[in-house]
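**Q** Right, I'll just put the structure down here and ask away after.
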Amino acid sequence: MVWKIDGRTRRIHSDTQSNAVFNFFGRANNGVFYQFFVALGAGDARTLALKAMDAYKVITNHDLVIEAFGYWPSLHDAEVFWIKLERLKETYKGYFSPNIEFEIHGWEMTSEIAEKGFYKLHKHHLIHFKFEDIFDVELDGFNHQNAILGLGITAEPRTEAGIRPLKVIFVPAYGLGGEFKAYKGTVLRISPCDENGKISQQIS
């Protein structure tokens, strides 16, 4: 099966015996990231989603992540260290706003091969996200590792009030998976760390 993104061809070979859902991330020539999921099974491959990953631009302080990595990363193979859900924040209208915070250990994979035969990783960072006014929360599988295939962020259709909520997806690899929607997102902090997630220097 062949896909064309900004004129660039991507060929996918399906495993007809598999019923798994595979997730692909890529960056086109114009620097825009794309995300698409392909479900393989029953002898065919079909697209579940194909969306330009530029919704991150509405996240407050997203520039801190770009400054650290040089671009907005897909966070492929990253690990979610912790998650906090709370409903204690009272808005100016007197309503309670449910929020979610989580921290992800992300890095960049290089083309170099380490002594043990794995690709070398660098640019290790801990990213602390906060999303406010969340709804449609579906999360499960939290365990001791929480490796994800990627963190998907897309924009939902506008509401009657003219607001476009964000949809955040933890694409599971081993452990945490799920999604939620939110009206506001913020990068609270990003800190360089070592390969085990130990902070070396906080930069924000």
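**Q** Determine whether GLU103 is among the charged types (D, E, K, R), without any contact (Cβ under 8 Å) to a residue 60 or more places away in the chain and over 20 Å from GLY178 (Cα atoms).
**A** no
**Q** So which residues in segment 115-159 are of a type in the set (Phe, Trp, Tyr) and within 30 Å of GLY94 (Cβ to Cβ), if there are any at all?
**A** Within segment 115-159, PHE129, PHE131, PHE135 qualify.
**Q** OK, next. VAL171 is checked against (1) modelled with pLDDT of 95 or more; (2) in contact with a Lys or Arg (Cβ under 7 Å, 6 or more places away or on another chain) and fails just one. What number does that condition carry?
**A** VAL171 satisfies all of (1) modelled with pLDDT of 95 or more; (2) in contact with a Lys or Arg (Cβ under 7 Å, 6 or more places away or on another chain) except (2).
**Q** In the set HIS122, HIS105, HIS128, which member is at pLDDT below 95 and in the same structural domain as TYR174 (by TED's automatic domain parsing)?
**A** After applying the criteria, what remains is HIS122.
**Q** If you go through segment 83-99 one residue at a time, do you hit one that is surrounded by 15 or more Cβ atoms within 10 Å (Cβ to Cβ), at pLDDT below 90 and part of a strand (DSSP E or B)?
**A** Yes, the conditions are met somewhere in segment 83-99.
**Q** So how many residues does segment 65-98 have that are more than 15 Å from the chain's Cα centre (by Cα) and touching a residue at least 60 places away in the same chain (Cβ under 8 Å)?
**A** So the count comes out to 1.
**Q** Across segment 146-165, what is the total count of residues that are in contact with a helix residue (DSSP H, G or I) (Cβ under 6 Å, 6 or more places away or on another chain) and farther than 23 Å from HIS76 by Cβ?
**A** The initial filter retains those residues of segment 146-165 that are in contact with a helix residue (DSSP H, G or I) (Cβ under 6 Å, 6 or more places away or on another chain), namely 153-155.
Checking which are farther than 23 Å from HIS76 by Cβ leaves us with none.
Count: 0.
**Q** Among the numbered criteria (1) on the phi > 0 side of the Ramachandran plot; (2) touching a strand residue (DSSP E or B) at 6+ places or on another chain (Cβ under 6 Å), which single criterion is violated by LEU139?
**A** Result: LEU139 fails condition (1) only.
The values are calculated or read from the model by the stated rules, or taken from the named source; none is laboratory data. Being a predicted model, the structure only gives us computed values, none of them experimental. Counting neighbours? That spans all protein chains shown, and the Cβs are built from the backbone with ideal geometry, glycine included.
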